[in-house]
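Enquirer: Below are the structure tokens for one structure; questions will follow.
Where a number appears in this text, it was derived from the coordinates with a stated rule and is not lab data. Model, not experiment: these values are computed from the prediction. Don't worry about glycine lacking a Cβ; one is built from the backbone with ideal geometry, like all the others, and counts go over all protein chains shown.
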Amino acid sequence: MLSRPHLYNVLESVGFYKEAILKEHCCFEGNFIDVIIHSKINSLLYLRKANSDDCKLFFDWANDKDVRNNSFSPESIIWENHKAWFENKINSNQSLLFVLIYNNVPVGQIRLDKEGDVWVLDYSIDKKYRGKGLGKKIIQLVLERTSKPIKAVVKPANFASIKVFQQNNFLMTEGVYQNERVLIFNKK
Ligand SMILES: CC(C)(COP(=O)(O)OP(=O)(O)OC[C@H]1O[C@@H](n2cnc3c(N)ncnc32)[C@H](O)[C@@H]1OP(=O)(O)O)[C@@H](O)C(=O)NCCC(=O)NCCS
């Protein structure tokens, strides 16, 4: 049972993550209760949960030329549509959205959407920060936070992303998505 759900959300929104739950570890008012440990390594690079203040940031990243080219719907995104979509995503328990912070600067986003038994991954790094290893790192950080089965669908010409998933030991298969030949990366 979660006894401090609001506190946990606040901690996770600023980069702490749930490290362990010690079952019935502590006696409180005559009852044995769980102890939940949150931790944050003082690091220059970490993920924090996205919140409604990040709407414009995600909008700008989503409309980046390479992000659109590497997605399966290349048209520019309209602000009004994005606002509704983003609000829905951050409030859904079927999605997880994180911002990558590097030296206090937001430099990328990663999202997991539940589709059946797997969580479909979408991610991008701000154009100014690409080619510095942050793509590889953002995937590592999300894998440290979750043990969910993850799937990513990547265009065969997206060499940087293919390399990122290979470096993180995802299993690669070929497939078809929206009539296009694609590479599918899975992590169980
Ligand atoms: C894909 C993306 C997130 C990668 O982020 P990044 O921070 O640039 O990635 P990294 O710096 O970790 O680079 C990953 C590897 O790809 C390599 N790489 C980069 N561009 C490459 C290219 N055009 N061809 C071959 N390899 C390339 C890098 O050299 C690096 O390999 P290394 O570790 O052996 O040097 C980033 O390019 C991006 O945001 N692209 C637009 C959105 C997108 O495509 N998202 C993924 C959708 S599936």
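Enquirer: Is at least one residue of the range 48-62 free of Cβ contacts under 8 Å to residues at least 40 places away in the same chain, more than 15 Å from the ligand (Cβ to nearest atom), surrounded by 10 or more Cβ atoms within 10 Å (Cβ to Cβ) and outside any helix (DSSP H, G or I)?
Expert: Yes, there is a match, as at least one residue in the range 48-62 is free of Cβ contacts under 8 Å to residues at least 40 places away in the same chain, more than 15 Å from the ligand (Cβ to nearest atom), surrounded by 10 or more Cβ atoms within 10 Å (Cβ to Cβ) and outside any helix (DSSP H, G or I).
Enquirer: On to the next question. Which one of these does residue 80 not meet: (1) within 18 Å of the chain's Cα centre (by Cα); (2) outside any loop (DSSP other than H, G, I, E, B)?
Expert: Every condition holds for residue 80 apart from (1).
Enquirer: Still on this structure, I have one more. If you go through the range 129-152 one residue at a time, how many are of a type in the set (D, E, K, R) and more than 12 Å from the ligand (Cβ to nearest atom)?
Expert: 3
Enquirer: Within the range 65-76, is there a residue that is touching a strand residue (DSSP E or B) at 6+ places or on another chain (Cβ under 7 Å), within 9 Å of the ligand (Cβ to nearest atom) and in a strand (DSSP E or B)? Steps first, please.
Expert: In the first step, residues of the range 65-76 are kept if they are touching a strand residue (DSSP E or B) at 6+ places or on another chain (Cβ under 7 Å); the result is 67, 72.
Next cut, within 9 Å of the ligand (Cβ to nearest atom) only: 67.
Adding the requirement that they be in a strand (DSSP E or B) leaves none.
No, the range 65-76 contains no residue that is touching a strand residue (DSSP E or B) at 6+ places or on another chain (Cβ under 7 Å), within 9 Å of the ligand (Cβ to nearest atom) and in a strand (DSSP E or B).
Enquirer: Give the residue that is farthest from the chain's Cα centre (by Cα), with candidates limited to residues of the range 101-120 that are surrounded by 20 or more Cβ atoms within 10 Å (Cβ to Cβ) and either without any contact (Cβ under 8 Å) to a residue 60 or more places away in the chain or over 15 Å from residue 58 (Cα atoms) (or both).
Expert: Top of the filtered list is 107.
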